[in-house]
Amino acid sequence: MSIAKSLPHDAARLHVTGTARYVDDIPTPTGTLHLAFGLSGIACGAITAMELSAVRAAPGVVAVLTADDLPFANDVSPSIHDEPLLATVDLHYLGQPVFVVVADSHLNARRAARLGKLTYREDPAILTIDAALAADSRFEDGPRIWTKGDVDQALASAPHRLQGAISMGGQEHFYLEGQAALALPQEGGDMVVHSSTQHPTEIQHKVADALGLPMHAVRCEVRRMGGGFGGKESQGNALAVACAVAARATGRPCKMRYDRDDDMMITGKRHDFRISYDVGFDDDGRLRGVDFVQMTRCGWALDLSLPVADRAMLHADNAYHLPAARITSHRLKTNTQSATAFRGFGGPQGVLGIERIMDEVAAHLGLDPVALRQRNYYDAMHTGGLSAPRAARPPEGISEQKKAGAVQTTPYQMPVTDFILHEMTEALLVTSDYHHRRTAISDWNAANAILKKGIAFSPVKFGISFTLSHLNQAGALVHVYQDGSVHMNHGGTEMGQGLFQKVAQVAASRFGIDVAAVKITATDTGKVPNTSATAASSGSDLNGMAVANACDTIRDRIAACLAELHHTSAESVRFADGQVHVGGESISFAQAAQTAYLHRVSLSATGFYKTPGLSWDRIKGAGTPFFYFAQGAAVTEVVIDTLTGENRILRTDILHDAGASLNPALDIGQIEGGYVQGAGWLTTEELVWDDTGRLRTHAPSTYKIPACSDRPDIFNVTLWDAPNPAQTIYRSKAVGEPPFMLGISAFLALSDAVRACGPHDPDLQAPATAEQVLAAVQRARG
């Protein structure tokens with residue numbers, strides 16, 4: 001079997017030797033042109049005049065296109081067609097593309113783009129959550145509200161009640177490879193597009209609309225991306241469409257890539273949120289009811305904000321049973337970059353809200369924050385006997401109702417039938433030596449006035465599936481050649497996460513051959529149509545199953561052929577260790593393929609998979625939006641300097657549920673990266689806009705992502721070994737997004753360290769930059 005093996009990434013050697021080919025590395029034909037956008041210099045208003053003669057006269061410029069030059073659809077929106085490729089009259093954010101320069105080189109295009117002279121009528125810009133609320137500037141007619149139970153009664157009758165709020169900033173994707181596209185005009189007006197995108201079918205669709213062509217006339221190919229994190233789910237549309245339109249207009253190949261400055265000024269970020277809460281609880285810290293109000297700044301266009309805000313609501317409970325809950329979500333429209341998908345897709349924001357509540361309740365009652373969380377966990381439920389065995393007795397704090405086996409439901413009425421965080425938490429507390437270290441940290445803080453330490457635990461329960469149910473499908477195309485080698489294609493895209501390697505391992509396992517015999521080729525809409533974005537952590541789940549389906553079809557054909565020749569049943573034919581065992585004989589897989597070919601058996605098949613059992617009504621906030629939950633937990637220790645606010649992560653221990661991992665090495669890598677990226681979001685990564693709407697943190701000099709030296713000095717990551725009860729590919733679980741939320745433990749640890757500085761509520765907000773930590777220390781001291 002090739003699954004459950006820690007094999008290296010399929011392109012690891014190419015990555016480290018610098019020979020992996022990205023869009024900007026593709027050799028281009030002679031005469032290829034290069035594009036750059038001319039951008040709006042105001043955040044809100046209208047264009048009254050546009051003088052582009054200097055742009056057209058600049059060295060190397062071949063053409064300059066405005067909205068009036070676009071032949072068909074002027075739209076790059078992934079949702080409601082509210083995002084023009086080029087602004088017409090109205091301007092909605094500072095950095096909005098207004099015209100596009102087509103020149104003989106990248107630098108000539110960029111230089112010329114700066115020569116445009118735009119005259120504006122400038123209007124007051126709506127830049128903040130408060131300003132949007134005051135102006136009632138929003139998407140949808142009003143707030144979305146989901147309710148479970150009688151929240152008002154639960155709050156009124158609770159022995160204790162707290163109110164508060166937490167703000168969390170957005171986040172720049174900072175993929176190492178920027179946005180890029182290359183359009184190659186073909187005969188008959190067709191177009192081939194190479195794009196750094198997580199969603200090839202959307203690129204195909206948008207380019208076809210922009211050229212007035214059916215989708216079959218456009219082919220999009222993606223071999224790999226240098227990172228995506230959600231930022232290449234819809235943000236690549238503009239580059240691909242611009243290149244295709246310019247290629248059609250000039251008859252020459254056209255290429256576009258953003259410099260980092262342009263990338264950060266033009267593209268969307270993670271949604272920033274402010275979450276206020278009103279929580280009622282009893283003397284033991286068990287929550288009776290919670291009233292959340294989630295406010296998110298969506299930016300100027302809808303993009304994917306509705307499903308992002310929905311998922312924030314869906315994860316407002318995280319790992320905790322809420323008997324009564326009301327979640328109100330405001331989706332606010334502002335004159336800033338259109339916020340978009342980012343790893344976790346709104347889930348991390350929702351999780352941080354309830355985790356803040358847990359810490360505040362624990363502090364109010366003087367309880368250990370871990371014990372409080374355990375008391376509020378969902379019941380320890382397991383389905384199908386495939387997970388770790390149920391504990392002999394319920395963990396401490398489980399109610400009599402839970403002991404009786406009642407299935408609890410989420411605030412959106414989905415039963416939680418598989419919950420393993422009780423066991424995982426106990427195991428992590430032991431391996432991380434949590435209780436002993438908390439005592440030692442308390443002693444340290446009592447003896448040290450300047451450096452204060454903190455330690456925190458946080459869990460995650462993350463739902464896996466697209467909440468737009470029809471996206472939970474995938475296709476695949478598999479060929480077996482007569483020499484026994486396998487050629488495979490599927491609808492998922494590779495962005496460094498190891499999807500191609502995992503799916504190759506699936507194919508190798510179905511045929512019983514070594515993974516080296518399987519070749520993975522670029523994702524191509526001409527081979528596998530109607531693909532869903534590689535997002536929602538579902539890449540391996542969906543595409544792995546589709547590939548398995550195609551491989552099984554071919555394997556069964558070979559088995560039937562051999563069985564007939566050997567006068568035995570097809571069911572008795574076995575494929576293992578590169579051999580095919582039939583009728584008491586063993587032949588190589590290559591011989592089996594050759595035999596099938598000689599007997600005119602088809603060795604090519606398509607595969608398809610759709611996730612079963614999903615049902616979701618986003619308006620009511622009710623149903624089963626997820627196939628299963630991936631779970632995990634982390635303990636993080638930090639130290640802060642109370643004189644400067646500077647801080648470091650000293651140690652992190654993670655126990656994460658990847659089901660029966662397809663590739664433990666790749667999964668651990670995803671967990672490590674997800675944690676560090678999550679910690680970066682809540683600590684060093686700060687987006688700053690000035691009063692005019694200009695993003696001031698638009699380069700590495702002003703925007704601080706975690707560096708190698710920012711990772712924990714001690715970093716222990718362990719996989720929880722329990723197969724997925726859901727019928728996933730080899731009982732594995734998704735691992736792309738869930739670990740991101742384990743980075744929340746770093747923020748909670750900083751809060752814990754600040755609390756050691758004084759008796760007052762520090763009210764630490766995110767991102768917890770050194771400045772924020774220092775301000776919180778001063779608040780704690782009063």
Checklist outcome for this item: Note, ALA533: beta-carbon cut-off 12 Å, +1 each Lys/Arg, -1 each Asp/Glu, net -1
Item to check | Neighbour net charge for ASN663 - beta-carbon separation under 11 angstrom, K R +1, D E -1 | outcome: 0
Item to check | Most to least packed among 680-689, 312-321 [average Cβ atoms within 10 Å] | outcome: 312-321, 680-689
Checklist outcome for this item: In the neighbourhood of PRO78 defined by beta carbon distances under 9 Å, the net charge of the other residues (Lys, Arg +1; Asp, Glu -1) is -3
Checklist outcome for this item: If the chain between ALA4 and ASP691 were fully extended at 0.36 nm per residue, the gain over the current Cα-Cα distance would be 242.0 nm
Item to check | Percent RCO, i.e. relative contact order, over segment 644-782, from Cα pairs under 8 Å lying at least 6 residues apart | outcome: 39 percent
Checklist entry - Which value, in debye to the nearest 20, gives the size of the charge dipole of segment 181-322 about its Cα centre, when Lys and Arg are +1 and Asp and Glu are -1 at the Cβ? => result 680 debye
Checklist entry - LYS148: which lysines have alpha carbons under 16 Å from its alpha carbon, excluding same-chain residues fewer than 8 sequence positions away? => result LYS620
Item to check | Mean separation of Cα contacts under 8 Å (6+ apart) over length of the chain, as relative contact order % | outcome: 15 percent
Checklist entry - According to a simple spin-label model (label point 7 Å from Cα along Cα-to-Cβ), what is the distance in nm between GLU187 and ALA12? => result 4.4 nm
Checklist outcome for this item: Shape call for segment 536-645, from the Cα gyration tensor axes a ≥ b ≥ c (a/c under 1.5 means rounded, otherwise prolate when a/b beats b/c, else oblate), comes out prolate
Checklist entry - What list of whole percents do you get for P(r) of segment 623-782, with Cα-Cα distances grouped in 5 Å bins up to the one holding the largest distance? => result 2, 9, 16, 17, 15, 13, 11, 8, 6, 2, 0, 0
Item to check | Residue (of THR683, PHE457, GLY268) at the positive-pole extreme of the chain, dipole from beta-carbon charges | outcome: GLY268
Next on the checklist: I need the shape label for segment 625-692. Rule: rounded when a/c is under 1.5, else prolate if a/b > b/c, else oblate, with a, b, c from the alpha carbon gyration tensor.
Outcome noted: oblate
Checklist entry - Which of MET168, SER485, ALA309 sits closest to the plus end of the dipole of the chain, meaning its Cα is farthest towards the positive end, when Lys and Arg get +1 and Asp and Glu get -1 on the C-beta? => result SER485
Checklist entry - Order of 553-560, 712-719, 327-334 by packing, highest average Cβ count within 10 Å first? => result 327-334, 553-560, 712-719
Checklist entry - Is the shape of the chain rounded, prolate or oblate, going by the alpha carbon gyration tensor and its root eigenvalues a ≥ b ≥ c, with a/c under 1.5 for rounded and a/b larger than b/c for prolate? => result oblate
Item to check | Computed over segment 208-329: relative contact order in percent, which uses C-alpha pairs under 8 Å that are six or more apart | outcome: 18 percent
Checklist entry - Straight-line reach from LYS333: which aspartates and glutamates have Cα under 14 Å away, leaving out those fewer than 8 places along the same chain? => result ASP82, GLU83, ASP130, ASP136, GLU140, ASP141, ASP272, ASP303
Checklist entry - About its Cα centre, what dipole magnitude does the chain give when the only charges are +1 on Lys and Arg Cβ and -1 on Asp and Glu Cβ, stated in debye to the nearest 20? => result 640 debye
Checklist entry - PRE reach from ARG781 (point 7 Å along Cα→Cβ): which of segment 743-772 fall under 19 Å by backbone N? => result 750-765, 769-772
Item to check | Where labels lie 7 Å past Cα in the beta-carbon direction, separation of ASP433 and MET215 in nm | outcome: 5.7 nm
Item to check | Ranked by how many other beta carbons lie within 10 Å on average, peptides 343-352, 428-437 from highest | outcome: 343-352, 428-437
Checklist entry - At what distance in angstrom do the alpha carbon centres of segment 177-206 and segment 277-330 lie from each other? => result 38 Å
Item to check | Estimated distance in nm for a label pair at THR553 and THR250, the labels positioned 7 Å out from Cα along Cα-to-Cβ | outcome: 4.2 nm
Checklist entry - Ordered by residue, what ³J(HN,Hα) values in Hz, to whole numbers, does segment 524-532 give under the Karplus form 6.51 cos²θ - 1.76 cosθ + 1.60, where θ = phi - 60° and Gly and Pro are x? => result 8, 5, x, 9, 10, x, 6, 7, 8
Item to check | Solvent-accessible area, 1.4 Å probe, carbon plus sulfur percent, for the chain | outcome: 52 percent
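The values are calculated or read from the model by the stated rules, or taken from the named source; none is laboratory data. No experiment lies behind these values; they were computed from the predicted model shown. Here Cβ is always computed from backbone atoms with ideal geometry, including for glycine, and neighbour counts include all displayed protein chains. Heavy atoms of the whole protein, side chains included, go into the accessibility calculation; ligands, DNA and RNA do not. Shrake-Rupley method; radii C 1.70, N 1.55, O 1.52, S 1.80 Å.
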